[in-house]
Amino acid sequence: MMAKAKKSKIDQKILLKAYELMCTARHMAIIYDENKEICSKYVHSTSRGHEAIQLAAGLQLLDVDYASLYYRDESMLLGMGLQPYELMLQLMAKRDDPFSGGRTYYGHPAIRKKGFPTIPHQSSATGMQAIPATGMAHGLAYLESQKLLKGKSRPIVLCSLGDGSVTEGEVAEAFQMAVLKKLPILYLIQDNDWGISATGEEMRAMDAYEYAAGFKGLERMRVDGSRFELSYEGLAKAIEYVRTKRAPILVHAKCPLLGHHTSGVRKEWYRGDDLSVHEKQDPLS
């Protein structure tokens, strides 16, 4: 007798929306690659392989929240409600780019718009958003302590990072302050086992989840970042933890890398047999 498939606890509308946006992100990457003579003039990365975990985050953040994103987070922006056309305006450095008038790299948003989380401008250097994001959480904690926050919602900060950036010193500083001051921040670490053209084994002694164990008071969670339902349910618990406990948490999401590292560091230059392994973990498969 065949076992019945487990019914998802997630609303079907959310599942359909996530699938639609995954397809959108994939076709955006295809368009960029098919037009690489034009698009590669502008440095960019796509979210191919990371769509599930990013959409799980983008679809759950509230307009009272704050987010510091990293350069691969286009699917998270789609989940928040940004349109492909708006992202492409930034890619092509157009003056109508809603983030910076065409002055920043693709995937470096900066918005303060009704109905969206607040996303401050950040440096293009990897990992640099960790300290400012933690500072925002510190600001929220202070406002709460002085009873200056308006409304009933309890805002949080999401800081999105690639696993390679966790080896940097500023990330350690951010973690220290988050646990010292017990700040309402969620560190979302997307680990595809690559940092530019170096593997995880070549650039770190441990992954972000293992590293976070050294910061007493930093709650930790692992999720399968290639599967939307698991990512959504895991992040729902993490977001609820920060929103109610007013304390930091690190979510380590394992993802495949299916696209190029960037338009200037193409997968065919350095990827080997591991690419076929990653393709088997495609969130859309």
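Read-outs throughout are calculated quantities, based only on the coordinates presented, and are distinct from any laboratory measurement. Worth saying up front: this structure is predicted, and the values here are computed from it rather than measured. All Cβ positions, even for glycine, are placed from backbone atoms using ideal geometry, and neighbour counts span all protein chains on display.
Things worth noting here:
- Residues that are touching a Leu at 6+ places or on another chain (Cβ under 9 Å), surrounded by fewer than 23 Cβ atoms within 10 Å (Cβ to Cβ) and either among the hydroxyl-bearing types (Ser, Thr, Tyr) or closer than 30 Å to ASP11 by Cα (or both) within segment 258-285 comprise HIS278, GLU279, GLN281, ASP282, listed in sequence order.
- Scan of segment 114-124 for residues that are in a loop (DSSP other than H, G, I, E, B) and either under 17 Å from SER153 (Cβ atoms) or of a type in the set (S, T, N, Q) (or both), ordered by number: LYS114, GLY115, PHE116, PRO117, GLN122, SER123, SER124
- Screening ALA141 with (1) more than 23 Å from THR118 (Cα to Cα); (2) in contact (Cβ under 8 Å) with a residue 40 or more places away in the chain; (3) of a type outside the set (Asp, Glu) gives one miss only, at (1).
- Residue within segment 47-54 that is out of contact with any Pro (no Cβ under 8 Å at 6 or more places or on another chain), of a type in the set (Asp, Glu), surrounded by 15 or more Cβ atoms within 10 Å (Cβ to Cβ) and closer than 20 Å to ASP282 by Cβ present: no
- Condition met for GLU240 (out of contact with any strand residue (DSSP E or B) (no Cβ under 7 Å at 6 or more places or on another chain), surrounded by fewer than 17 Cβ atoms within 10 Å (Cβ to Cβ), under 30 Å from LYS152 (Cβ atoms) and free of Cβ contacts under 8 Å to residues at least 12 places away in the same chain): yes
Residues are listed down the side, and each one gets a yes or a no for (1) polar (S, T, N, Q); (2) touching a residue at least 24 places away in the same chain (Cβ under 8 Å); (3) farther than 20 Å from ARG112 by Cβ:
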residue	(1), (2), (3)
LEU15	no, yes, yes
LEU21	no, yes, yes
ALA29	no, yes, yes
SER40	yes, yes, yes
GLY58	no, no, no
MET76	no, yes, no
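- Of all residues in segment 182-202 being touching a helix residue (DSSP H, G or I) at 6+ places or on another chain (Cβ under 6 Å) and outside any strand (DSSP E or B), the one that is farthest from VAL157 (Cα to Cα): ASP193
- In segment 112-132, the residues that are closer than 26 Å to GLY264 by Cβ and of a type in the set (A, V, I, L, M, F, W, C): ILE119, ALA125, MET128, ALA130
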